[in-house]
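Enquirer: Handing you a structure now.
The values are calculated or read from the model by the stated rules, or taken from the named source; none is laboratory data. It should be emphasised that the depicted structure is a prediction, and the values quoted were computed from it without experimental measurement. Glycine gets a Cβ as well: all are built from the backbone with ideal geometry, and neighbour counts include every protein chain shown. Surface areas here come from the heavy atoms of the whole protein model, side chains and all, with no ligands, DNA or RNA. Shrake-Rupley method; radii C 1.70, N 1.55, O 1.52, S 1.80 Å.
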Amino acid sequence: MTPIITAYDRSPDGGKGLARDTRVRWALEEVGQEYDVKFVSMAGKTEPDHLRLSPFGRIPVYEDGDLVLFESGAIIHHIAEQHPGTLLPEDPAARARATMWMFAAVNTVEPPIHELGTVQIAEGDRSWATERTPLVHDRIRDVLGQLADTFGDSEWLEDTFTAGDLMMVSVLQRARPAGLLDEFPSLAAYAARAEARPAYERAFATQYAVNAR
Ligand SMILES: N[C@@H](CCC(=O)N[C@@H](CS)C(=O)NCC(=O)O)C(=O)O
């Protein structure tokens with residue numbers, strides 16, 4: 001059965017690839033899995049039909065027969081598990097480390113980056129937004145600096161490209177519009193290296209075609 005993912009019919013970023021369906025598309029492209037896409041509107045995300053699949057009213061959603069998953073990390077982990085030796089190494093220790101990096105991406109690196117979006121967009125008209133923005137920038141710099149120190153001049157987080165890199169780069173991209181990723185040249189080069197992968201290029205192009213209409 002061909003899995004179906006849910007994406008926005010019009011992503012707020014206009015096709016820059018920052019909406020979280022892109023990372024799922026990327027994982028599917030990496031493992032060579034065909035997929036269909038179901039679209040939901042911004043208004044539709046809080047409708048009962050969508051909430052039945054995604055209780056927090058978000059995208060992406062992944063459906064494969066009776067299996068319904070939300071949370072991009074869980075979806076990508078599942079896709080990787082379905083295709084052993086592609087995005088998750090077969091060696092148990094390497095596999096555990098790749099999974100650790102997935103968690104680090106969404107649980108440690110993404111929260112301050114997400115917070116920046118909240119300050120600038122959801123709270124952009126509040127009196128504290130101007131004062132708060134540089135504080136959030138510094139929190140992002142802290143985690144990016146720590147990641148850059150650990151990363152050194154490696155090609156990938158572990159010996160080969162894994163779901164950990166896919167997740168980490170998907171998160172790092174979200175720091176790019178504020179200019180913060182480019183403050184860390186090794187991380188900017190790491191993201192560019194990942195984005196040059198044919199699977200990423202296909203995933204990006206497919207979501208762009210929808211959003212650039
Ligand atoms: N932790 C979730 C976050 C999902 C998420 O926030 N998706 C965004 C689009 S990229 C969304 O649907 N936001 C709508 C909202 O926050 O109401 C994941 O990784 O899947």
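Enquirer: Subtract the Cα-Cα distance of Thr2 and His78 from 0.36 nm times their separation in residues, and report this length gain in nm to one decimal.
Expert: On the way: separation 76, 0.36 × 76 = 27.36 nm, distance 1.45 nm.
Gain on stretching Thr2 to His78: 25.9 nm.
Enquirer: Where in segment 64-128 are there chymotrypsin sites (Phe, Trp or Tyr not before Pro) that are in a DSSP coil and have at most 10 other Cβ atoms within 10 angstrom of their Cβ?
Expert: Details: sites: Phe70, Trp101, Phe103, Trp128; in loops: Trp128.
Hits after loop and neighbour filter: Trp128.
Enquirer: I would also like to ask the following. At 1.4 Å probe size, with the rest of the protein present, what percent of the exposed accessible area of segment 153-213 is carbon and sulfur atoms? Write down the numbers at each step before the final one.
Expert: Working: 1380 of 2630 Å².
Answer for segment 153-213: carbon and sulfur cover 53 percent of the accessible area.
Enquirer: Under 19 Å from a point 7 Å along the Cα-to-Cβ line of Ala212: which residues of segment 18-32 have their amide N that close?
Expert: Counting backbone N atoms under 19 Å from the label point, the list is 18-23, 25-26.
Enquirer: For the chain, count the residues as N, evaluate 2.2 N^0.38 Å, and divide the Cα radius of gyration by that value, please.
Expert: Working: Rg = 17.1 Å, N = 213, 2.2 N^0.38 = 16.9 Å.
That works out to 1.02 for the chain.
Enquirer: Tabulate in residue order the Karplus-calculated ³J(HN,Hα) for segment 194-210, using 6.51 cos²θ - 1.76 cosθ + 1.60 with θ = phi - 60°, rounded to whole Hz; enter x for Gly and Pro.
Expert: 5, 5, 7, 5, x, 5, 5, 4, 5, 4, 4, 4, 5, 5, 5, 4, 6
Enquirer: Let me ask something else. Along segment 72-79, what does the Karplus equation 6.51 cos²θ - 1.76 cosθ + 1.60 (θ = phi - 60°) give for ³J(HN,Hα), rounded to whole Hz, x for Gly and Pro?
Expert: Once rounded to whole Hz, the list reads 4, x, 5, 5, 5, 4, 5, 4.
Enquirer: Right, here's the next one. With r defined as the distance between the Cβ atoms of Ala122 and Arg10 and R0 fixed at 22 Å, what FRET efficiency is calculated, to the nearest 0.05? All intermediate terms of the calculation are to be shown ahead of the outcome.
Expert: Details: r = 18 Å, r/R0 = 0.84.
For R0 = 22 Å, the calculated efficiency reads 0.75.
Enquirer: Once label points are set 7 Å from the Cα along Cα→Cβ at both Thr150 and Ala196, what is their separation, rounded to one decimal in nm?
Expert: A separation of 2.5 nm, rounded to one decimal place.
Enquirer: Given Cα pairs under 8 Å that are at least 6 residues apart, what percent is the relative contact order of the chain?
Expert: Numbers: 278 pairs, mean separation 58.3, N = 213.
Averaging sequence separation for qualifying contacts and normalising by length gives 27 percent for the chain.
Enquirer: Scan around Val61 for amide H atoms under 5 Å from its own, H built in the peptide plane at 1.01 Å from N, and keep only partners 5 or more places away or cross-chain.
Expert: When sequence neighbours closer than 5 places are left aside, the close amide H contacts are Thr6.
Enquirer: How much area per residue is accessible in the chain when the probe is 1.4 Å and only protein heavy atoms are counted (Å²)?
Expert: Values: 10660 Å² over 213 residues.
Counting only protein heavy atoms, the per-residue value for the chain is 50 Å².
Enquirer: Another one. Given the protein chains as shown and a 1.4 Å probe, how many square angstrom of His114 are accessible, to the nearest 10?
Expert: In the full protein context, His114 sits at about 90 Å².
Enquirer: Just to check I understand the Karplus step: with θ = phi - 60° and J = 6.51 cos²θ - 1.76 cosθ + 1.60, what whole-Hz values come out for segment 156-161, glycine and proline as x?
Expert: Values, residue by residue: 10, 5, 10, 5, 10, 5 Hz.
Enquirer: Please work out how much length the chain gains when fully extended from Arg52 to Arg176, using 0.36 nm per residue of separation minus the C-alpha to C-alpha distance, in nm with one decimal. Intermediate results must be reported in sequence, preceding the final value.
Expert: On the way: separation 124, 0.36 × 124 = 44.64 nm, distance 3.34 nm.
Gain on stretching Arg52 to Arg176: 41.3 nm.
Enquirer: Something else about it: First compute the accessible area of segment 60-147 with a 1.4 Å probe, then give the percent of it belonging to carbon and sulfur atoms. Intermediate results must be reported in sequence, preceding the final value.
Expert: Working: 2550 of 4710 Å².
Reported share for carbon and sulfur atoms: 54 percent.
Enquirer: Provide the solvent-accessible area of Arg97, counting protein heavy atoms only and rolling a 1.4 Å probe, rounded to the nearest 10 Å².
Expert: Surface accessible to solvent at Arg97 totals approximately 90 Å².
Enquirer: Also, I was wondering about something else. Which whole-number percentage describes the relative contact order of segment 1-59, with Cα contacts under 8 Å and a sequence gap of 6 or more? Don't skip to the end; give the middle numbers.
Expert: Values: 52 pairs, mean separation 26.5, N = 59.
So the answer I get is 45 percent.
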